[in-house]
Amino acid sequence: KDGARLWLVPLLRQALCGARVSYFAEELLPTARRLGQRASKAKASGRVFEAQRCAAAESALWSLLPAFCRWPEDTADSFASLAPSLGSALSARPDLRGPLTEALRRLIRQALACQAADGDGDEDLHDDDDDDDLFDEEDVAKKANELAVTLEDRPDWFTLEVAKGQLAAVAAFSRNFLPILFNLFVSSPADRRGELAATVGAFAQITDSNALGGFFRTVLKKLVKVTADADDAADKLTEGGATKSQRRCTFMDLVLAMVSGLDLASRELVFKAARPASTEKDAAVQKRAYKLLAALMRTKRTAGGEPGENWLAANREVAERTLIAGSGNCAPAARRYRLRCVVAILPSLMERENQEQEAQQENSAAVSSETIPIVASTMSANGGVAPLLGELIVATKETNARTRVSAFKLLVDIPRAMERRAGRSSGGGGKIRGGSSGGGGGGVGGGGAGL
């Protein structure tokens, strides 16, 4: 009798939209708790079949939570009464973390998507003047597609004001959910951290920068301690993995999940932690270091805030030196993420060196035409373009298929990005000028010219 209507659960999961969160909190949640208690008592009494049925019914009711969070109409008023129960279940019930984290992410992403679509949130999705993202059309298209999918079933009544109220209601509990998520992330196996990292990233986008900065510094202190701990230290940090390398990777992954919401000062600390790790021999640590560097160079805060948006613009030179210094020392596992860093700086680096070379050639022309080849040779030897571009070309021969595909794509995207940038700066559709002062068609035109 207790399970006679459980066949409705899959239908509700698929069809619910615009429901009330308060109904789940007032009706379904108490029923799920009673079923959980009954399952525990039946298991203790040896009634295995009854325990299994009650536990299955409880899980089925909890699985409806993400559906109730699909464009709910009363989140602003009802989330406060539901949040404590969600936090307790998140901590105590590993079997319920899937629907719980999915529901929280859905509430956040839907509200952010509404803000972006209505022009009050993430303006970076369609920012054609962002020089750092011009080469990455696929990433922009992916974001636009995700936005369209999220908004596909948006009700007409779910206005920008409703979205703001929902976002504020969830953000008010960021200080409560983030410590829980951090503890679960550190204590979970590496293959179970994906949904937790995604949820931390979602909260990072809506949490106040000062509050998020406090959490970040706590995590960073643990990362620094794990890095400095000796293997035989009596007070070494043991959470996060069985080995020192695993523990470092755990806290670096946790920092990575928060990068999208960090302000400029916190991002600078991330860079200081990732820069030395990018040259280490430990492939797993080096891979995380390049993931962090790539996130610093390309990740932007999506909650409509200014912090962290221009990190690369303010630190381009030190980022270039870091990548040039690490050329030739990259582990195969980290190469794909290093390529993301290289392509973030290579267009502007090529453009700047080209301009410097042209300026020197023009100045040298007044002295003697014989000195021009010497100047050009000096620029080529001392510049950072050659090793980075060479590294990109060599990566097309990598055994890893994803790295090869990325390298080929980047070799095409870089000149296209430079061409668009040159077209904007000249007010027209000009080509990229070649390395010599004689001009030439070095750009990628509509006819598909090569590098």
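So how do Thr399, Thr199 rank on accessible area, 1.4 Å probe, biggest first, that is with the largest at the start? Don't jump to the answer; show the numbers that get you there.
Numbers: Thr399 130, Thr199 0 Å².
Putting Thr399, Thr199 in descending order of accessible area: Thr399, Thr199.
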Hey, what do the phi angles of segment 199-213 turn into as Karplus ³J(HN,Hα) couplings, whole Hz, using 6.51/-1.76/1.60 and θ = phi - 60°, x for Gly and Pro? 6, 4, x, 5, 5, 4, 6, 10, 7, 3, 4, 5, 5, 5, x
Taking R0 as 51 Å, what's the FRET efficiency between Val48 and Val412 from their Cβ-Cβ distance, rounded to 0.05? 0.25
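Arrange the peptides 20-26, 288-294 so that the one whose residues have, on average, the most other Cβ atoms within 10 Å appears first. Present the calculation step by step, with values, prior to reporting the outcome.
Numbers: 20-26: 18.4, 288-294: 24.7.
Descending packing order for the listed peptides: 288-294, 20-26.
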Pick out, in residue order, every one of the trypsin sites (Lys or Arg not before Pro) in segment 217-284 that is DSSP loop and has at most 12 other C-beta atoms within 10 Å; say none if there are none. Lys281
Output ordering of 80-88, 109-117 (per-residue mean of other Cβ within 10 Å, highest first) is 109-117, 80-88
What size of dipole, in debye to the nearest 20, comes out for segment 184-329 about its Cα centre when the only charges are +1 on Lys and Arg C-beta atoms and -1 on Asp and Glu C-beta atoms? 180
Relative contact order of segment 231-344, please, whole-number percent, based on alpha carbon pairs below 8 angstrom and at least 6 residues apart. 28
Over all alpha-carbon pairs in segment 207-257, figure out the percentage whose distance exceeds 12 Å. 62
List the lysines whose Cα lies under 17 Å from the Cα of Lys142, skipping any in the same chain that are fewer than 8 positions away. Lys300, Lys409
Are there any trypsin sites (Lys or Arg not before Pro) in segment 29-74 that are in a DSSP loop and have at most 15 other Cβ atoms within 10 Å? List them by number. Arg47
Multiply the residue separation of Leu151 and Leu28 by 0.36 nm, subtract the distance between their alpha-carbon atoms, and state the gained length in nm to one decimal. 41.6 nm
Subset of Lys143/Lys164; Lys225/Lys291; Lys143/Lys222; Lys221/Lys287 violating a 28 Å alpha-carbon distance limit: Lys143/Lys222
Diffing segment 30-35: the Karplus 3J(HN,Hα) column from phi (6.51, -1.76, 1.60, θ = phi - 60°), in whole Hz with x for Gly and Pro, holds x, 5, 4, 5, 5, 5
In segment 177-207, which chymotrypsin sites (Phe, Trp or Tyr not before Pro) are in a loop and have at most 10 other Cβ atoms within 10 Å, using DSSP for the loop call? none
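The values are calculated or read from the model by the stated rules, or taken from the named source; none is laboratory data. Here the structure is a predicted model, which is why all the values come from computation and not from measurement. Positions of Cβ are generated from backbone atoms using ideal geometry, with glycine treated the same way; all protein chains shown enter the neighbour counts. Side chains are part of the model used for accessible areas, which takes the heavy atoms of the whole protein and leaves out ligands, DNA and RNA. Shrake-Rupley method; radii C 1.70, N 1.55, O 1.52, S 1.80 Å.
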